[in-house]
1. Going through the stretch 273-291 one residue at a time, which ones are farther than 30 Å from Val250 by Cβ and under 24 Å from the mean Cα position of the chain (by Cα)?
2. Taking the condition within 28 Å of the chain's Cα centre (by Cα) and modelled with pLDDT of 90 or more, does Lys263 pass?
3. Would you point out the residue of the stretch 249-304, among those that are among the basic types (Lys, Arg) and part of a helix (DSSP H, G or I), that is farthest from Thr236 (Cα to Cα)?
4. Scan the stretch 228-280 residue by residue and report those that are farther than 19 Å from Thr201 by Cα, surrounded by fewer than 13 Cβ atoms within 10 Å (Cβ to Cβ) and of a type in the set (A, V, I, L, M, F, W, C).
5. Taking into account only those residues within the stretch 236-253 that are among the acidic types (Asp, Glu) and farther than 22 Å from Ser195 by Cα, which is modelled with the lowest pLDDT?
6. Is it true that some residue in the stretch 157-176 is of a type in the set (Asp, Glu), at pLDDT 95 or above, surrounded by fewer than 13 Cβ atoms within 10 Å (Cβ to Cβ) and farther than 24 Å from Lys59 by Cβ?
7. Return the residue satisfying two criteria in turn: it lies in the stretch 181-207 and is in a strand (DSSP E or B) and surrounded by fewer than 18 Cβ atoms within 10 Å (Cβ to Cβ), and of such residues it is nearest to the chain's Cα centre (by Cα).
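The values are calculated or read from the model by the stated rules, or taken from the named source; none is laboratory data. Owing to the predicted nature of the structure, the values given are computational and were not obtained by experimental measurement. We place every Cβ from the backbone using ideal geometry, glycine too, and count neighbours over all the protein chains shown.
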Amino acid sequence: MGMIYQRGAVYWIKYYRTGKPYRESTRSKKEADAKRLLRKREGEISEGKLPGVYFDRIKFDELAEDFLRDYRINQKKSLVRAERSVNHLKEHFEGWKVPHINTPQIQAYIENRIESEAANATINRELSALKRMLNLGAKQTPPKVDRVPYIPMLKENNIRKGFFEHGDFLALRDNLPDYLKGLATFAYKTGWRVSEITGLTWNQVDLNQGIVRIEVGESKNNEGRTVYLDAELLDTFKGQENKRGEGAEVSPYIFPGVDGISKVKDFRGAWKASCKNAKIGTRLFHDLRRTAVRNLVRAGIPERVAMMISGHKTRSVFERYNIVSDKDLVNATHSLEAYLETQTGTVSGTVVEIGTKKRLSVNA
C-alpha cells in the first residue's frame, strides 16, 4: 500500500487512501521510524479513519471560527461571551495544530489564566468553549478532530449570594432615580433578568387583563413567559403609560431611560449611588432576581410556578437562587418551638405537655 523513501537524509513515507496519494515526512533519519509511521498510517486507513497527517493541517483558528459561526447560525444570545472566551484562548492556542492541543497543554493554559487572576468561573467558560470547538470539529464531515482530549474543569466557589430584605429594597427604591423605580419594582417581584425588563415594549402588555408576556425566542432560554400584574405593578404600568404621552416622541419601551424615550442601557453609576444613599451596602441589580425567587418560595407558591414566573429553566439553577438567610433560620426555630408547644406525649402511661409554657413532673 505504501513505500519509504529519502529526501536527503530524512525519511519520507507514501501511502494511498481511496486512490489519493499522501506523502508525509517522518522528520527522522532512521528507517525504523519510517516503518513504524507507515504501519500506523496504513492501520488508520484500514480502519476507515482519515490518516493523521490530515488532522495536522487543521489549526485552532479554524475550529474557533467554526465555533463562532455555530453561535451566529443558531442566534445564541451569549455570542459576546463566546467571543470573549475565544479571544483569551487565542492568546495561548492561536496557530496551533489540532493534535498538539492535548491535556498537558490545556493544563498549562489553566495555570496561565490562574496566574493572571482570572476567576475559576471565567476559566471554566473558556474551557467549555474549547471543548465545544473540539466536539464540533469531531462531528464535521469529514472530521477535523480525530480525538477530543480530557479537559479538566475547576471548582467554582464564587457563586454570589446577595439578596434584599424588604426594608432594604424599600430604602433603595426611595433613593433611585424616578426612571429606575418601576424597573426595580418589577424585577423585585418577578425575578426577570435586567435585559428582559429593559427590553419590554408596550406590545407585550395587556393592561386590561393585567398581563405581561415574553414571546418564544425573546428570552435567554428561548421560552415564552406570562406574568400577571399585582395591584402595585398594575399602578406602576399605568403610571408609565401616562408618562408616555407627555412628550413629543412616544417611546416603545415600558421603562425607558432618563430621556423618557430611549432604551435603558448602563445605569451602574445611578445604582451604586442609590445603594450608598440608602445605606444598604454594595448590592447588584441581579440580587433582585435572587430575592424574587426566595420571596416566591416563601410565599408558598409551588416551585414549578415560581420557575415559570422567574424564567428559570433548570431546577439546579433555581435552587442556587433559593437562598436561606439568618432570618429564615430564626423563623424556623420559632416555628418549631410553637409546634412543640402544641404537642402532647406519653411517658409511662402519663400524658405530658411538651413546651416551655407548662411542664408536668413525671416519675418515669
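1. Those that are farther than 30 Å from Val250 by Cβ and under 24 Å from the mean Cα position of the chain (by Cα): Thr282, Arg283, Leu284, His286, Asp287, Arg290, Thr291.
2. For Lys263, the condition - within 28 Å of the chain's Cα centre (by Cα) and modelled with pLDDT of 90 or more - is met.
3. Arg304
4. The one that is farther than 19 Å from Thr201 by Cα, surrounded by fewer than 13 Cβ atoms within 10 Å (Cβ to Cβ) and of a type in the set (A, V, I, L, M, F, W, C): Ala231.
5. First, the residues of the stretch 236-253 that are among the acidic types (Asp, Glu): 241, 246, 249.
From the residues that got through so far, the ones that are farther than 22 Å from Ser195 by Cα too are 246, 249.
Numbers: Glu246: 70, Glu249: 80.
By that ranking, first place goes to Glu246.
6. Checked the stretch 157-176: at least one residue is of a type in the set (Asp, Glu), at pLDDT 95 or above, surrounded by fewer than 13 Cβ atoms within 10 Å (Cβ to Cβ) and farther than 24 Å from Lys59 by Cβ.
7. So, considering only residues that are in a strand (DSSP E or B) and surrounded by fewer than 18 Cβ atoms within 10 Å (Cβ to Cβ), the one nearest to the chain's Cα centre (by Cα) is Thr201.
Rundown of residues vs (1) part of a helix (DSSP H, G or I); (2) without any contact (Cβ under 8 Å) to a residue 40 or more places away in the chain; (3) within 26 Å of the chain's Cα centre (by Cα), yes/no style:
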{"site": "Ala118", "(1), (2), (3)": "no, yes, yes"}
{"site": "Ala121", "(1), (2), (3)": "yes, yes, yes"}
{"site": "Met133", "(1), (2), (3)": "yes, no, yes"}
{"site": "Pro142", "(1), (2), (3)": "no, no, no"}
{"site": "Val145", "(1), (2), (3)": "no, no, no"}
{"site": "Pro152", "(1), (2), (3)": "no, no, yes"}
{"site": "Tyr179", "(1), (2), (3)": "yes, no, no"}
